[in-house]
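J.: For reference, the structure I am asking about is given below.
The values are calculated or read from the model by the stated rules, or taken from the named source; none is laboratory data. Since this is a predicted model, take the numbers as computed values, not measurements. Reconstructed Cβ throughout: ideal geometry from the backbone, glycine too, with neighbour counts over all protein chains shown.
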């Protein structure tokens, strides 16, 4: 029965998210096309795959003392949309079909771990859709060329790439996934323990802290390329520390959720 519970949640990744993924794909592609249009008008150059990746994950510069900065609305929207993708199903399922499965199996921990797997797969699906959307636009415009210095300077307020190659790959493709899983699993735990709205508040707190607090302890900073060593000389952000923080948040959330679900009144 445990495997049936997990398989039920794996199937729910597509069943629950297909429309949200489709909307995300259309939005990302339209945004990339508009960005490329602006870039081509200014520089007469088409953007390539890495230019789009950098633009989507650019975030914003670190806020210095007495400095005013307008938050990047596009960046905020992307991560809030991920919060919407993972924020509903676990709580909804606890009071619908999942409740019957949980009662019949008598194994609350299996139900919880099924939701953890669902959450992680949903996050991976989000990134897969984003990367495929960027790839689709890249095929039509600039192909898979490396990041172009003049385009990067145009998109990132005259910032230049400090480190290329492996460092760029890690900070642009790998680290955001790890950080997002930690944030999303924690969001799900808070939503199940308390309510969905509290989970959304958690995500808003992480994003706000990321914008206004430049610190290696603030998870939101690692979702912004402009604050990483790729673009910022002397950046305080560190890959190893980010991975450790992510593992800590994820493991703690899984453990707390497992304990709470054992005692939770699922009829309330």
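J.: So which residues in the range 35-69 are in a helix (DSSP H, G or I), over 12 Å from residue 154 (Cα atoms) and under 22 Å from the mean Cα position of the chain (by Cα)?
T.: The answer is 49, 50, 52, 53, 56.
J.: Between residues in the range 41-67 that are on the phi > 0 side of the Ramachandran plot and residues that are buried (at least 20 other Cβ atoms within 10 Å of the Cβ) and assigned to a loop (DSSP other than H, G, I, E, B), which pairs lie under 8 Å by C-beta distance while being six or more apart or on different chains?
T.: From the range 41-67, the pairs are 59/224.
J.: Give 268, 258 a once-over and let me know the one that is farther than 30 Å from residue 39 by Cβ and either assigned to a helix (DSSP H, G or I) or modelled with pLDDT of 95 or more (or both).
T.: 258
J.: Same structure again: Taking the range 192-210 only, how many residues are closer than 20 Å to residue 223 by Cβ and in contact with a helix residue (DSSP H, G or I) (Cβ under 7 Å, 6 or more places away or on another chain)?
T.: 8
J.: Any idea which of (1) under 30 Å from residue 67 (Cα atoms); (2) modelled with pLDDT under 95; (3) surrounded by 16 or more Cβ atoms within 10 Å (Cβ to Cβ) is the one residue 196 doesn't satisfy?
T.: Unmet condition: (1).
J.: Next question, about the same structure. Could you tell me whether the range 247-255 includes any residue that is farther than 16 Å from residue 184 by Cβ and touching a helix residue (DSSP H, G or I) at 6+ places or on another chain (Cβ under 7 Å)?
T.: no
J.: Return the only residue of 206, 179, 259, 190 being surrounded by 15 or more Cβ atoms within 10 Å (Cβ to Cβ) and under 15 Å from residue 115 (Cα atoms).
T.: Within the list 206, 179, 259, 190, the selection yields 190.
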